[in-house]
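Here's the structure we're looking at; comments come further down.
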Amino acid sequence: MSAAPLLSVERLRVTFGHLAAVEDVSFTVGDGERVAIVGESGSGKSVTAMSITGLINYQAGRIAPESKILYGGADITKMSDEEIRKIRGRQIGMVFQDHSGALNPVQRIGDQIGEALRVHDVVDSKAAARARALELLEQVGIDRASERLDAYPHELSGGMRQRVLIAMGLAPGPKLLIADEPTTALDALIQRQIVALLHDLTEALDLTLLMISHDLRLVSGFADRLYVMYGGRIVETGTAAQVFGAPQHQYTRALLDSLPSRDHRRGSSLKVIGGAPPSIAARPTGCPFHPRCRFNDKNLCESTMPPLESAGQRTHQFACYHPGDQTAAQPKEASRHLAPVPSADSAAEEAAPYLLEVVGLDHVYSSRGRKSTVVKAVDDVSFSIRRGESFGLVGESGSGKSTVARNVVRLIEPSAGRILFDGQDLMGLSRREMRTVRRRMQIVFQDPRSSLDPRIRVGELLAEPLRIYRLWGKPGHDKQRLGELMELVGLHERDLQKYPHEFSGGQLQRVAIARALTLSPDLVVCDEPVSSLDASVSAQIINLLSDLQAQLGLTYLFIGHDLSLVRYFCDHIAVMNKGQIVEAADSATLFSNPQHEYTKRLLDAQPPADPRTVARPAAATAP
């Protein structure tokens, strides 16, 4: 690593109108280094990344005159748009978070990569662009690369689309690659592949990498140095070993504590960070974390922003008036959680009847066109869920989990098999009869922003199922009931007047859960309900689901790819691969003694349950 950093950000301040999204942020990235910026959504990570590439200008953001972004010694903030365009892509590549939004859905993959090459004058002909695009697809590990050149984005899996974005970021041959949440909502196996790919590319191409992520476990074994952001500021920085091994800022400690460990079991609540990150319109004075910190000193923390100070080593700095392990001084917090759900091995639960039985379920997808294809997405799947139980279904993307979920509630029609709900065979029911049964079985989808109508206030969203079933206005099915539901999921009755866009991701998922509960169901199907949420918010949602189960006697079919969460939340787990269940057991047995090779691969692919256990050597020098 050279003495002078490749990238140096100094006193970065980014405003939208009169509101500051990023305030006094400074950091460096050395040549050949792997650096990660971590923190919850809304902390300013992506705004910082867009500022480096000049893309913040297109978001109506303004970089303060005193700020500097030095790349190779040249200040990007002083460059014209034309000068920035010559650096963006050619010198600094970008991999965006949302592959669905970053790729043109009506343009073939090869043409999109070729366009990135031609825009930066890397090639001078379509033939050369196609040949280079093929090389890039092979380089990022896409199988049958020549066929994928002519595919459209929707014909590729999420993992392959993310690889395409990496190929596009690499196409012009940049020296610095910025990866903004490159693995969000991907399953563990794909996440591990993407991280391994980025690792290999940095070695093979002598790349410098700046990764933006909210997943501390993911970056723990990858990054050389970390910057923890909160409220638009850097609150802690150091090597991975320093930050994870001896976190000093109370926010960093809270983030780590919110991760489910191997010791967590049903009946013990996951630790959460109370409250929510401050919006840019309501940033507190002093330390931005003080409203959520247990060690808030009103005379100090609320009045003065703590400076970044050394934690004994020059490379490890923090901005906290109450650093280190303060657990001994922590006041005991009264748990708001309800009585725990009985464990799966209790005699009472073993005697409970099955609420849902799936027998020999098949689902076949067929496409028509020039090449008619038939894909068996679900193949002879069978499982049973006892009343009051949480049953987990895990596997990588494309294994058939979500197809099973939609079959169970008959949002799509099974090709074969039996689905018994409370002893009644759903396969023989008409649509009218199924509509009656569906009152007792509801589904919570992965992305509430897609499943909830953005044009309707939350109160109307919750009332809609009651209107459909002609229950609105009857006793117990009125506005007061909606207010009670909002309180039940940790929101306020006044939130009924808001639109979906006025909520954070975690709050909106609570709204989706409340909507699923309006008809008082017995079975709730949770299809990846926390996959795109921060760890602290995920813990809040999982605790909420546990509370609701204890209070309302709910039964869950829980689909997820974070095995640490599934292990904590579910009594029994089934592992799916290529449309089939390859292993099923109670949670403790599956994790302690997996039998199938695929299950072992899934477990091996999981990031460490606690990043503090990952030992990485500190960087030799700091830029």
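General remarks:
- Restricted to helices (runs of 4 or more DSSP H) entirely inside the range 432-530, those with at least 2 residues that are surrounded by 15 or more Cβ atoms within 10 Å (Cβ to Cβ) and over 25 Å from the mean Cα position of the chain (by Cα) are 458-468, 479-488.
- Flag for Pro182 being within 23 Å of Gln112 (Cα to Cα) and either of a type outside the set (S, T, N, Q) or touching a helix residue (DSSP H, G or I) at 6+ places or on another chain (Cβ under 9 Å) (or both): yes
- Test result for Ser384, free of Cβ contacts under 8 Å to residues at least 40 places away in the same chain and either part of a strand (DSSP E or B) or more than 18 Å from Arg438 (Cα to Cα) (or both): yes
- Once the range 3-57 is narrowed to residues that are polar (S, T, N, Q) and in contact (Cβ under 8 Å) with a residue 60 or more places away in the chain, the residue that is surrounded by the fewest Cβ atoms within 10 Å (Cβ to Cβ) is Ser26.
Here's the yes/no breakdown for (1) charged (D, E, K, R); (2) free of Cβ contacts under 8 Å to residues at least 12 places away in the same chain; (3) closer than 17 Å to Ile37 by Cα:
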{"residue": "Ala196", "(1), (2), (3)": "no, yes, no"}
{"residue": "Glu203", "(1), (2), (3)": "yes, yes, no"}
{"residue": "Arg217", "(1), (2), (3)": "yes, no, yes"}
{"residue": "Leu226", "(1), (2), (3)": "no, no, yes"}
{"residue": "Tyr230", "(1), (2), (3)": "no, no, yes"}
{"residue": "Ala240", "(1), (2), (3)": "no, no, yes"}
{"residue": "Val243", "(1), (2), (3)": "no, no, yes"}
{"residue": "Ala254", "(1), (2), (3)": "no, no, yes"}
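- Hits in the range 412-437 - residues which are under 20 Å from Thr555 (Cβ atoms) and among the polar types (S, T, N, Q): Gln424, Thr436
- Selection within the range 406-431 - under 16 Å from Asp522 (Cβ atoms) and assigned to a helix (DSSP H, G or I): Val408, Leu426
- Residues within the range 86-113 that are part of a loop (DSSP other than H, G, I, E, B), farther than 19 Å from Leu205 by Cβ and of a type in the set (Lys, Arg), tallied: 1
- Scope the range 548-567; condition buried (at least 22 other Cβ atoms within 10 Å of the Cβ) and more than 18 Å from the chain's Cα centre (by Cα); matching residues: Leu554, Thr555, Tyr556, Leu557
- When Leu544, Leu554 are screened for being out of contact with any strand residue (DSSP E or B) (no Cβ under 6 Å at 6 or more places or on another chain) and either modelled with pLDDT under 90 or of a type outside the set (D, E, K, R) (or both), only Leu544 passes.
- Subset of the range 200-230 [part of a strand (DSSP E or B), in contact with a strand residue (DSSP E or B) (Cβ under 8 Å, 6 or more places away or on another chain) and under 22 Å from Ser310 (Cβ atoms)]: Arg225, Leu226, Tyr227, Val228, Met229
- Screening Ser26, Ser8 for residues that are among the hydroxyl-bearing types (Ser, Thr, Tyr) and more than 27 Å from the chain's Cα centre (by Cα) leaves exactly one candidate, Ser8.
The values are calculated or read from the model by the stated rules, or taken from the named source; none is laboratory data. Values in this document were obtained by computation on a predicted structure and should not be read as measured data. Neighbour counts run over all protein chains shown; Cβ positions are idealised from the backbone, glycine included.
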